[in-house]
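Chemist: Sending over a structure as structure tokens; questions will come in a sec.
The values are calculated or read from the model by the stated rules, or taken from the named source; none is laboratory data. Treat the numbers as computed from the prediction; the structure is a model and nothing was measured. Using ideal geometry, Cβ is built from the backbone for each residue, glycine included, and neighbour counts are taken over all protein chains shown.
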Ligand SMILES: *[C@@H]1O[C@H](CO)[C@@H](O)[C@H](O)[C@H]1NC(C)=O
Ligand SMILES: *[C@@H]1O[C@H](CO)[C@@H](O)[C@H](O)[C@H]1NC(C)=O
């Protein structure tokens with residue numbers, strides 16, 4: 001027998017009935033192989049699907065989003081003001097504020113702003129609304145009035161803001177006036193802009209001075225984060241009856257600089273088109289124009305700058321830089337800008353300087369120093 005024939009025989013033998021179990025086994029084996037192939041195929045499909053998705057997301061995030069950001073001033077406004085990010089305006093009592101009045105103040109034509117007035121020592125106040133309404137002038141004491149200008153997102157009832165009002169009212173015995181800009185909380189719903197927000201701040205300031213007869217020497221403006229840029233814009237536009245002092249908590253130099261250091265933007269910094277998409281376009285957007293460094297030479301109000309070293313939103317250096325510029329360019333006949341930093345280990349970050357036990361004395365001393 002040739003080897004060829006022998007092999008055939010063997011093969012033929014295999015097909016004899018006695019070998020049925022063997023054959024079944026082989027079929028089984030073939031099935032396993034197929035299953036294995038199927039598995040490999042589906043793993044491959046899943047992998048392909050994932051990679052495709054990652055690719056699409058990457059293109060959207062790193063290409064489309066920057067281009068949309070560049071080409072739309074509205075998208076820039078949306079991301080810079082975040083006025084739609086809020087968990088609702090709560091009643092003052094719900095956040096533990098006593099004797100707090102909820103008011104409306106008119107700003108530009110047909111714009112109404114929601115405002116709270118928190119009196120000094122609110123925690124000890126037991127008057128009800130009727131009793132409060134019977135007092136004709138709640139500002140009829142000599143206490144300082146803080147006009148609080150808040151940052152992006154949220155409302156005047158956001159908790160870290162309320163924490164500060166309580167310190168100002170109970171520990172420093174000041175009045176607090178806090179408001180929501182247009183487009184925020186219960187204020188008239190139109191798009192906020194840097195101009196509009198400045199006008200709103202001015203409207204509340206005028207309301208204090210003119211409607212309530214509070215002299216400007218009794219008013220201190222307190223801006224936080226984006227509110228510091230609004231405050232500087234506002235202060236640079238006031239030529240008479242200027243506020244006594246201003247506190248800039250966690251400020252930045254320009255909106256572009258703030259955007260560069262903003263945590264989310266860091267994700268894009270490596271892109272070759274980063275500057276073109278984010279930096280240049282913001283410089284051209286008149287609706288989000290905030291350049292505090294360009295305005296300080298017109299600010300005659302003495303400034304106290306507060307910044308925590310562990311601020312993860314607006315880095316500490318921004319506050320320091322702003323202070324240096326203020327020292328250089330603010331008019332020389334006014335009290336010099338002061339800078340107070342808060343150490344890393346305190347953990348105040350961007351929003352919790354109000355927790356500092358020394359804050360009342362730091363602020364009161366500064367205001368006293370301006371009084372002379
Ligand atoms: C802000 O006020 C100025 C001066 O009254 C006015 O010309 C301007 O239109 C106002 N801006 C906005 C956005 O309402
Ligand atoms: C801000 O203003 C300063 C002074 O006018 C100017 O030199 C600087 O380029 C401005 N910055 C931006 C980012 O617009």
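Chemist: Filter region 255-268 down to the residues that are within 17 Å of residue 60 (Cα to Cα) and more than 16 Å from ligand 2 (Cβ to nearest atom), then identify the one that is surrounded by the fewest Cβ atoms within 10 Å (Cβ to Cβ). Step through it out loud before you land on a result.
Modeler: Step one: filter region 255-268 for residues within 17 Å of residue 60 (Cα to Cα), giving 264-268.
From what is left, the residues that are more than 16 Å from ligand 2 (Cβ to nearest atom) are 264, 266-268.
Numbers: 264: 8, 266: 10, 267: 11, 268: 18.
Only one residue tops the list, namely 264.
Chemist: Sticking with this structure for a sec: I'd like to verify a number: residues in region 275-286 that are surrounded by fewer than 17 Cβ atoms within 10 Å (Cβ to Cβ) and either away from ligand 2 (no atom under 11 Å from the Cβ) or within 17 Å of residue 251 (Cβ to Cβ) (or both), how many?
Modeler: 3
Chemist: Now a separate question. Any residue at all in region 51-60 that is surrounded by 15 or more Cβ atoms within 10 Å (Cβ to Cβ) and under 29 Å from residue 183 (Cα atoms)?
Modeler: Step one: filter region 51-60 for residues surrounded by 15 or more Cβ atoms within 10 Å (Cβ to Cβ), giving none.
No, that holds for no residue.
Chemist: Follow-up. Inside region 287-307, can you point out the residues that are within 11 Å of ligand 2 (Cβ to nearest atom) and assigned to a strand (DSSP E or B)?
Modeler: Once the filter is applied, which keeps residues that are within 11 Å of ligand 2 (Cβ to nearest atom) and assigned to a strand (DSSP E or B), region 287-307 yields only 291.
Chemist: Let me ask you something else. Which one of 253, 198, 288, 231 is without any contact (Cβ under 8 Å) to a residue 40 or more places away in the chain, closer than 25 Å to residue 325 by Cα and either under 17 Å from the mean Cα position of the chain (by Cα) or within 16 Å of ligand 1 (Cβ to nearest atom) (or both)? It would help to see each step written out before you state the result.
Modeler: Working: 253 fails: without any contact (Cβ under 8 Å) to a residue 40 or more places away in the chain; 288 fails: without any contact (Cβ under 8 Å) to a residue 40 or more places away in the chain; 231 fails: without any contact (Cβ under 8 Å) to a residue 40 or more places away in the chain.
After ruling out the rest, the residue left standing is 198.
Chemist: In addition: Among the residues of region 129-140, are any under 19 Å from residue 244 (Cα atoms) and modelled with pLDDT under 90? Even if it seems obvious, please write down each step before you answer.
Modeler: Initial filter on region 129-140 (under 19 Å from residue 244 (Cα atoms)): 139-140.
Still in the list and also modelled with pLDDT under 90: 140.
Yes, because at least one residue in region 129-140 is under 19 Å from residue 244 (Cα atoms) and modelled with pLDDT under 90.
Chemist: Follow-up question, since we're still on this one. Somewhere in region 308-318, is a residue buried (at least 23 other Cβ atoms within 10 Å of the Cβ), at pLDDT 90 or above, within 16 Å of ligand 2 (Cβ to nearest atom) and not in a helix (DSSP H, G or I)?
Modeler: Looking through region 308-318, at least one residue is buried (at least 23 other Cβ atoms within 10 Å of the Cβ), at pLDDT 90 or above, within 16 Å of ligand 2 (Cβ to nearest atom) and not in a helix (DSSP H, G or I).
Chemist: Could you look through region 201-225, keep only residues that are away from ligand 1 (no atom under 16 Å from the Cβ), assigned to a helix (DSSP H, G or I) and touching a residue at least 24 places away in the same chain (Cβ under 8 Å), and pick out the one that is surrounded by the most Cβ atoms within 10 Å (Cβ to Cβ)?
Modeler: Checked region 201-225; the qualifying residue surrounded by the most Cβ atoms within 10 Å (Cβ to Cβ) is 208.
Chemist: Sticking with this one: Looking at region 177-200, which of its residues are farther than 15 Å from residue 148 by Cβ, assigned to a loop (DSSP other than H, G, I, E, B) and either in contact with a strand residue (DSSP E or B) (Cβ under 8 Å, 6 or more places away or on another chain) or within 16 Å of ligand 2 (Cβ to nearest atom) (or both)?
Modeler: 182, 186, 188
Chemist: Related question: Output the residues belonging to region 347-362 that are outside any loop (DSSP other than H, G, I, E, B) and in contact with a helix residue (DSSP H, G or I) (Cβ under 8 Å, 6 or more places away or on another chain). Break it down into steps so the answer makes sense when it comes.
Modeler: First, the residues of region 347-362 that are outside any loop (DSSP other than H, G, I, E, B): 353-355, 359-362.
Passing the criteria: 353, 354, 355, 359, 360.
Chemist: Quick one: in region 319-334, which of the residues that are touching a strand residue (DSSP E or B) at 6+ places or on another chain (Cβ under 8 Å) and in contact (Cβ under 8 Å) with a residue 24 or more places away in the chain is surrounded by the fewest Cβ atoms within 10 Å (Cβ to Cβ)? Reasoning before the result, please.
Modeler: Looking only at region 319-334, we keep the residues that are touching a strand residue (DSSP E or B) at 6+ places or on another chain (Cβ under 8 Å), and these are 319-320, 322-323, 326, 330.
Restricting the remaining residues to those that are in contact (Cβ under 8 Å) with a residue 24 or more places away in the chain gives 319, 322, 326, 330.
On the way: 319: 26, 322: 27, 326: 24, 330: 20.
Looking at residues that are touching a strand residue (DSSP E or B) at 6+ places or on another chain (Cβ under 8 Å) and in contact (Cβ under 8 Å) with a residue 24 or more places away in the chain, I get 330.
Chemist: Continuing with the same structure: For residue 334, work out the one condition from (1) out of contact with any helix residue (DSSP H, G or I) (no Cβ under 8 Å at 6 or more places or on another chain); (2) more than 13 Å from ligand 2 (Cβ to nearest atom); (3) closer than 17 Å to residue 255 by Cα; (4) at pLDDT below 95 it doesn't fulfil.
Modeler: (3)
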